[in-house]
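Report on one structure; see the data block that follows.
The values are calculated or read from the model by the stated rules, or taken from the named source; none is laboratory data. Because the structure is predicted, anything quoted here is derived from the model rather than measured. When we count neighbours, we look across all protein chains shown, and the Cβ atoms used for this are built from the backbone with ideal geometry, even at glycine.
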Amino acid sequence: MTVRTRFAPSPTGLLHIGGVRTALFCWLYARRHGGVFILRIEDTDRERSTPEAVQVILDGMEWLGLHADEGPFYQSERYPRYREVIRQWLAAGKAYHCYCSKAELEQMRNDQLARKEKPRYDGRCRTRQEPIEGVTPVVRFKNPTEGAVVVADAVHGNVVFQNTELDDLIIERSDGNPTYNFCVVVDDYDMKITHVIRGDDHLNNTPRQINMLRAMGVEPPVYAHLPMILGPDGTKLSKRHGAVSVLYYREEGYMPEALLNYLARLGWSHGDQEIFTIEEMRELFDIGDVNKSASAINPDKLAWISQQQMMRLPPARIAVELRWQLKRLGVDIAQGPALEAVVEAQRERSKTLKEMAQASRFFFEAPRNYEEKSARKHLGAEARPLMQQSRTALASLTEWTAPAIHEAIQALAEGGGVGLGKVAQPLRVAVSGGGVSPPIDQTLAILGREQTLARLDRAIAYASR
RNA sequence: GCUCCCAUCGUCUAGAGGCCUAGGACACAGCCCUCUCAAGGCUGGUACGAGGGUUCGAAUCCCUCUGGGAGCGCCA
C-alpha cells in the first residue's frame, strides 16, 4: 500500500516553526517510503482565514523545498462533499439535529463544572422527534456511548479513551458550514491518507475522529502525534519567540537546509549525528525514532547548524541566498567578484547569510571610512613604510593569485623582521575598512589588483595625514 | 475541575535491565593552531524530578507523588 501523508495547516495565522516541523516530518516520511505528500488548506473558518495567510504558507513551503505531490486542496471548495456526507449520516441515523440554544448549552456547561465534571453535551436532542419552530438546528454526530477507542499511535503507543468521556460534537453549524473535526475525517478518508502526522495537541481529538471514520465504514489510518516545540525559555511558542513566519528565517539569513536540519533534530535523532543533508534525512528518517517530549528552540544551535551547513553546501547553492541578502542591503554586485568565490572565502566565518552579506560588502564597494579602532592601530604613520613596500610588491606581481600574494607578503615580513600580522593588518583595514576579513591573500585575490591598489593608495594617504 | 500526554546536563539528545563511575552536540571556560575573525583540535564543569516496589542487578519495568503541557467551542 502506498504511503500517503498530508500537511493540513489552517490559514488563520502564520506558518511558523512548529508547522514547518510537522510539514517536514510528513514530507520526510512520504519521501522515505516512496509515498505521496499532500498539502491541504483547512480554511473552514471563513472569518479568520485570509488569502494572505494562504500565500505565506505556499511561499514558505516553496522556499523550503517541501513540494507537495498532490494539492493544495482547499476545504472551502469541498462543501458540497461535506453536505453529502452529512445528508447520508442524517438519513442513516448516525447524526441528528440539535435545537439547543446557546443559553441552554451554557447552563448545561455551568452545571457540569459546578459538579466538577468535564463539560460535555448530554445528547438531549438525540431522541427529539419534532423540529422547534423558528430555530435553525445544528447537526451533531452520534458518538458511541460505551466502549473505548484505542488510538494506535506510532510515537505514543496505544492511547485509550473511554467513549463516555466523549460527546456528540457539532459537525454542521446552524449557518450550514461544516466544522473542523468532521472535515478532517471526510478529507482523510477521501484522500486515502494512510499516516496522519500532526502535533500532539490533536491527540485528544483523535478518538472522535476515529469514531467518525468508523461511521464512514473504514478503519483509522496510522497516527503519529509529534511533541510540541517550545520557545527558548521553555514556554509555549508565541510571537515573542519563533512564532513568526518561516520567511522571517530567510530574512535572518538561514538556508532552508539549515532550518530543516535544525528542525529535524527537534524530536528526532539518528544516533549522534547532528548534520544531515536533505538526502540523508530522506533516507534515515523514521517515525519510530521520534521522541515523545516537547523540546525548546535553541537559537545558538540553529546558528551553529547554519554555519555547518554553509561549510558543506555547494557554493552556487549558497550564492542564491547571498545574492538575495546583498540585494536587500542595496549592494550592487554587477561589478564585483563572483559570488561563489566570496562564499568560499566567507562560509566558515559566517553563522548566517545576513552576517555573510554584511561582512562581504567591501568586496563590492570600497569602504567609506575606516573603523576607528582598527585605523588607529594599523593605519598610523609608523605603518606607512610597510604599506608602501606592500604596494610596490603587489603592483609588480606577475600573477594575481592567492599563493603569489601570500609569498610576496611573507617576503616583506621576513625582510622587515616582523610578523605577518604587521603586514597583513594594515592591508586588511585598507581594503575592508575593518580588522576582520578572510585570510588576506585570499581577500586580495578575490578583490582584484586594481581595487586593491586603489584602496591601498587611499590608506597610505590616510596614514600620511 | 475532568480526560489525555510528557519527564536524562542550562538546551537538543543517545540510552529499549548488566556494555553507564550515563555518551554526543550547542552554549560556557582554558589551552593549542594562527595575519584578523573564524574554522579545527584538546581539556574541563554540569543531568537520570522524588518516593516506593520488581530483580542478583534499573536511567531503562510497575505504582504513587511532584512538576510541565494539551484538550474539554456553532476555533482550527
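What residue, of A:21, A:40, is within 28 Å of residue A:170 (Cβ to Cβ), within 15 Å of RNA strand B (Cβ to nearest atom) and at pLDDT 95 or above?
Exactly one residue qualifies, and that residue is A:40.
Quick check: anything in segment A:116-129 more than 22 Å from residue A:205 (Cα to Cα), more than 15 Å from RNA strand B (Cβ to nearest atom), assigned to a helix (DSSP H, G or I) and not hydroxyl-bearing (Ser, Thr, Tyr)?
No, that holds for no residue.
State which residue pairs qualify: first residue charged (D, E, K, R) and inside segment A:420-440, second residue within 6 Å of RNA strand B (Cβ to nearest atom) and not in a loop (DSSP other than H, G, I, E, B) in any location, beta carbons under 8 Å apart, and separation of 6 or more residues or different chains.
Pairs found: A:428/A:440.
With respect to the numbered conditions (1) within 14 Å of RNA strand B (Cβ to nearest atom); (2) part of a helix (DSSP H, G or I); (3) over 21 Å from residue A:369 (Cα atoms), which one is the sole condition not fulfilled by residue A:418?
(2)
For segment A:274-314, enumerate the residues that are of a type in the set (Val, Ile, Thr) and within 11 Å of RNA strand B (Cβ to nearest atom). Talk me through it step by step, then tell me what you get.
To start, the set of residues in segment A:274-314 that are of a type in the set (Val, Ile, Thr) comprises A:275, A:277-278, A:287, A:290, A:297, A:305.
Within segment A:274-314, A:275, A:290, A:297, A:305 qualify.
For segment A:362-386, enumerate the residues that are within 16 Å of RNA strand B (Cβ to nearest atom) and either assigned to a helix (DSSP H, G or I) or among the hydroxyl-bearing types (Ser, Thr, Tyr) (or both).
A:362, A:363, A:370, A:372, A:373, A:374, A:375, A:376, A:377, A:378, A:383, A:386
Matching residues to (1) more than 8 Å from RNA strand B (Cβ to nearest atom); (2) of a type in the set (Lys, Arg); (3) over 21 Å from residue A:6 (Cβ atoms); (4) modelled with pLDDT of 95 or more:
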site: A:110; (1), (2), (3), (4): yes, no, yes, no
site: A:170; (1), (2), (3), (4): no, no, yes, yes
site: A:193; (1), (2), (3), (4): yes, no, no, yes
site: A:203; (1), (2), (3), (4): no, no, no, yes
site: A:209; (1), (2), (3), (4): yes, no, no, yes
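When both residues are 6+ apart or on different chains and their Cβ atoms are under 8 Å apart, which pairs have a first residue that lies in segment A:363-377 and is free of Cβ contacts under 8 Å to residues at least 40 places away in the same chain, and a second that is loosely packed, with under 15 Cβ neighbours inside 10 Å and assigned to a loop (DSSP other than H, G, I, E, B)?
A:364/A:332; A:364/A:335; A:365/A:332
Pairs needed: first member in segment A:294-305, farther than 14 Å from residue A:17 by Cα; second member anywhere, among the small types (Gly, Ala, Ser) and more than 6 Å from RNA strand B (Cβ to nearest atom); C-beta distance under 7 Å; at least 6 residues apart or different chains.
Pairs found: A:305/A:258.
Mind counting the residues in segment A:141-161 that are more than 9 Å from RNA strand B (Cβ to nearest atom) and either touching a strand residue (DSSP E or B) at 6+ places or on another chain (Cβ under 9 Å) or assigned to a strand (DSSP E or B) (or both)?
Here the count works out to 9.
Name the residues in segment A:387-411 that are surrounded by fewer than 18 Cβ atoms within 10 Å (Cβ to Cβ), touching a residue at least 40 places away in the same chain (Cβ under 8 Å) and within 13 Å of RNA strand B (Cβ to nearest atom), would you?
Matches in segment A:387-411: A:402 only.
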